[in-house]
Amino acid sequence: MPRPSLNDLTAFVAVATHRSFRRAADEIGTAPSTLSHAMRALEERMGVRLLNRTTRSVSPTEAGFRLLDRLRPALASLDEALDSVAGFRGNVAGTVRINAPRLVAGLLVRWVLPQMAERHPDVTVDIVVEGRLIDIVSSGFDAGVRLLGSVPKDMIAVPFARSLTFICVASPAYLDRFGDPGTPEELQRHHCIGHRMPSGKFYRWEFERAGQELVIDANGSIVLDDEELMVEAAIEGLGIAYVADWAAEAAMSDGRLRKVLTAWMPAPDGVAVYYPGHRAVPPALRAFLDVVKDLRKKEP
């Protein structure tokens with residue numbers, strides 16, 4: 001039996017993952033009809049049916065699922081092998097489009113982009129700020145940045161060096177006036193700065209201590225959808241804010257904000273760059289990922 005080409009196997013993983021010829025074709029950059037013909041040719045070459053097709057859907061057969069489970073780690077290993085020779089390449093050029101929430105976009109600007117500019121001056125990093133979880137492939141992005149637990153299972157994740165911890169902060173003036181809350185329940189008598197998520201729902205504040213978990217509906221007369229504005233509101237003494245530590249670290253370091261309820265804050269969350277693992281990684285994206293990986297190695 002002739003061995004299938006890497007392009008055919010990569011295309012199969014895209015179709016089997018998206019369960020759609022159209023979405024897989026958008027990712028690969030070909031026509032759905034061309035991709036459908038390629039999959040039929042692959043099945044004929046292998047002598048086994050890999051995909052169940054109807055007029056409205058496509059899904060892997062039992063054999064297709066088995067092949068998919070084997071190909072995903074194999075393609076990921078191939079990416080790692082290509083990464084291992086990154087230092088031998090010449091100048092990398094091109095554009096890498098990254099989708100990230102505002103808070104993480106700021107970290108990229110302060111932390112990753114200076115290294116990119118120094119090491120790869122011919123690469124353009126195009127960052128689009130987006131709070132909603134989107135399909136980065138169908139939206140035309142090379143990669144996204146999200147909490148590690150939110151990364152889709154069909155993506156490859158490259159963790160950041162820094163984790164993210166959510167904290168409660170307030171200004172010294174506010175705490176002098178209203179006192180420090182001793183438990184999350186005491187927030188009910190405080191002014192809390194509400195957080196509206198991109199979906200329109202209000203974020204519920206999560207706490208944890210000695211295995212005990214609490215979720216609080218924060219009450220207050222101010223609701224914001226941007227963490228930097230929440231920090232500013234807290235600095236102005238308007239209430240207690242529940243924000244990522246990255247957003248408040250400058251204000252805490254110079255004394256404009258203080259942490260409260262420190263014993264009740266949840267464990268840190270990992271943050272990662274993620275990208276499709278079943279297609280060739282563009283050189284500009286690979287250069288970006290190399291910088292993220294190298295910065296992680298430098299952290300103690």
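Here are some notes:
- Answer label for Rg/Rh (Cα atoms, Kirkwood Rh) (calculated), chosen among (1) 0.96; (2) 1.03; (3) 1.07: (3)
- Working note: Debye formula, equal point scatterers on the alpha-carbon atoms of region 1-110, no solvent; log10 I(q)/I(0) at q = 0.12, 0.20 Å⁻¹ is -0.57, -1.08.
- Global geometry of region 78-225, whether rounded, prolate or oblate, following the gyration tensor of its Cα atoms and the 1.5 cut on a/c: prolate
- Degrees separating the helix 32-46 axis from the principal Cα axis of the chain, which is the longest one: 60 degrees
- Of all accessible heavy-atom area on region 138-276, the percent that carbon and sulfur account for (1.4 Å): 49 percent
- GNM result for the chain, Cα springs below 10 Å: residue of A63, A25, A14 fluctuating most strongly: A63
- Protein heavy-atom accessible surface, 1.4 Å probe, per residue over region 166-267: 52 Å².
- Cα pair distances in region 166-267, grouped into 5 Å bins until the bin that holds the longest one, percent each: 2, 14, 26, 27, 20, 8, 2, 0
- A DSSP coil position with no more than 11 other Cβ atoms inside 10 Å describes the following trypsin sites (Lys or Arg not before Pro) in region 97-184: R132, K153.
- Histogram of C-alpha separations across region 5-57, 10 Å bin width, %: 26, 62, 11
The values are calculated or read from the model by the stated rules, or taken from the named source; none is laboratory data. Since this is a predicted model, take the numbers as computed values, not measurements. Ideal geometry is used to build each Cβ from the backbone, glycine not excepted, and the neighbour counts take in all protein chains shown. Heads up: the accessible areas ignore ligands, DNA and RNA and are worked out on the full protein's heavy atoms, side chains in. Shrake-Rupley method; radii C 1.70, N 1.55, O 1.52, S 1.80 Å.
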